[in-house]
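Only one structure is covered here, and it is reproduced in the block below.
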Amino acid sequence: MTTDTTPGTKPDTATDNAFGAPVRFDTKIAVLLRDDLETWQRLNVTAFLVSGLGTEVPEVVGEPYADADDTPYLPMFRQPVLVFEGTKEAVTAAHRRALSRELPRAVFTSDLFATGNDRDNRAAVRAVPGEGLDLVGVAVYGPRNAVDKVLKGARMHP
C-alpha cells in the first residue's frame, strides 16, 4: 500500500507508513474470553464476537484482497485482533468498564451455546438484564489506552 502524498493529507498510521517503520496502531481490537472455556468454544466465541465489529465500526475493515491471478477475496480487519483470557469476574468487570467508556463492544453469553440461530441468540441476550449476563466473552474496540483499561487484570491468551 502506498502513502497518499497529496498536500494536506495525513497517512493512516494503521495502514500506511512512509518510512517503513513498524506500525503502531492508535486503536485496539481485543477479545476477552473466560478461562474455563473448551478450545472449540474459545474459537467459536472469538469468531462470533469479532464479526460484529466490522459491521458497526467500518473503519476497522481494510481493503479487499486479491492474489496474483486476480482472484478476489473479502477484506479483513486492518489491524491485529488481540485475544486475552481471564476469570468470569474479569470478563464481567471488563464488560462493565467497556459500557462506562461507551466503547463499541460485542458480548457472548453461556446461553448462546444452546441456541442455533441468530434470532434465538438475540432473544437469549435480551431475556437477561446486563448485570445478570453470564458472559463468556467480550470484544471491544477503541483507543489503545481505553481498551487497555477495559482489559485490566486480563492476560494474553496462550
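Charges on Cβ only, +1 for Lys and Arg, -1 for Asp and Glu, centred on the Cα centroid of the chain; of 27, 86, 76, which one is farthest towards the dipole's positive end?
Value computed over the given set: 86.
Which entry in (i) 17.6, 55; (ii) 16.0, 50; (iii) 16.4, 56 is this structure's computed Rg and Dmax of the Cα atoms in Å?
Among (i) 17.6, 55; (ii) 16.0, 50; (iii) 16.4, 56, the one calculated here is (i).
Per-residue accessible area for residue 148 at 1.4 Å probe radius, Å² rounded to 10?
Surface open to solvent at residue 148 totals about 70 Å².
Taking 0.36 nm per residue of sequence separation and subtracting the Cα-Cα distance, how much length would be gained by fully extending the chain between residue 100 and residue 66, in nm to one decimal? Each step should come with its number before you reach the end.
Working: separation 34, 0.36 × 34 = 12.24 nm, distance 4.00 nm.
Length difference between fully extended and current span is 8.2 nm.
Quote the relative contact order of the chain in percent (integer), defining contacts as alpha-carbon pairs under 8 Å separated by 6+ residues. If you can, show how the numbers build up before the last one.
Numbers: 234 pairs, mean separation 49.0, N = 158.
So the answer I get is 31 percent.
Could you pull out the trypsin sites (Lys or Arg not before Pro) across the range 98-157 that fall in loop regions by DSSP (anything but H, G, I, E, B) with no more than 16 other Cβ atoms inside 10 Å?
Listed in order of number, the matching sites are 101, 152.
Rounded to the nearest 20 Debye, what is the dipole magnitude of the chain about its Cα centre when Lys and Arg each give +1 and Asp and Glu each give -1 at the C-beta? If you can, show how the numbers build up before the last one.
Numbers: 18 positive and 22 negative charges, 156 e Å.
Dipole magnitude for the chain comes out near 760 debye.
When the accessible area of the chain is computed with all protein chains present and a 1.4 Å probe, what percentage of it is carbon and sulfur?
Looking at the chain in its full context, I get 55 percent from C and S.
For the range 22-65, what log10 I(q)/I(0) values come out of the Debye formula at q = 0.15, 0.16, 0.18 1/Å, with one point per alpha carbon and no solvent?
-0.52, -0.58, -0.69
For the pair residue 74 and residue 156, how long in nm is the line joining their label points, each one 7 Å along Cα→Cβ?
2.8 nm
Can you give me the orientation-averaged projected area of the convex hull built on the Cα atoms of the range 69-139, in nm²? Walk me through the intermediate numbers first.
Details: hull surface 28.5 nm².
The orientation-averaged projected area of the Cα hull of the range 69-139 comes to 7.1 nm².
Of 142, 100, 60, which is farthest towards the positive pole of the chain's charge dipole, taken about the Cα centre with +1 and -1 on the beta-carbons of Lys, Arg and Asp, Glu respectively?
The residue sitting most towards the positive pole is 100.
Based on Cα coordinates alone, diagonalise the gyration tensor for the range 98-144, multiply each eigenvalue by 5, take square roots, and list the semi-axes in whole Å, largest first.
Working: eigenvalues 93, 26, 16 Å².
Over the Cα atoms of the range 98-144, the ellipsoid semi-axes are 22, 11, 9 Å.
In nanometres, what is the gap between the two model label sites at residue 122 and residue 24, each 7 Å from Cα along Cα-to-Cβ?
Here the answer is 4.1 nm between the modelled labels.
In terms of modelled amide H atoms, which long-range or inter-chain residues lie less than 5 Å from the amide H of residue 153?
Amide H to amide H, under 5 Å and 5 or more residues apart or across chains, residue 153 pairs with nothing.
Could you work out how much longer the chain between residue 82 and residue 59 gets when fully extended? Use 0.36 nm per residue separation minus the Cα distance between them, nm to one decimal.
6.6 nm
State in Å² the accessible area per residue of the range 56-130; use a 1.4 Å probe, count heavy atoms of protein chains only, and round to the nearest integer.
Values: 4900 Å² over 75 residues.
With all protein chains present, the range 56-130 gives 65 Å² per residue.
Compute the angle between helix 39-56 and the longest alpha-carbon principal axis of the chain, please, reported from 0 to 90 degrees and rounded to the nearest 10.
60 degrees
The values are calculated or read from the model by the stated rules, or taken from the named source; none is laboratory data. Note that the structure is a prediction, hence the values are computed from the model and not measured. Virtual Cβ from ideal backbone geometry, glycine too; neighbours counted across all protein chains shown. Side chains are part of the model used for accessible areas, which takes the heavy atoms of the whole protein and leaves out ligands, DNA and RNA. Shrake-Rupley method; radii C 1.70, N 1.55, O 1.52, S 1.80 Å.
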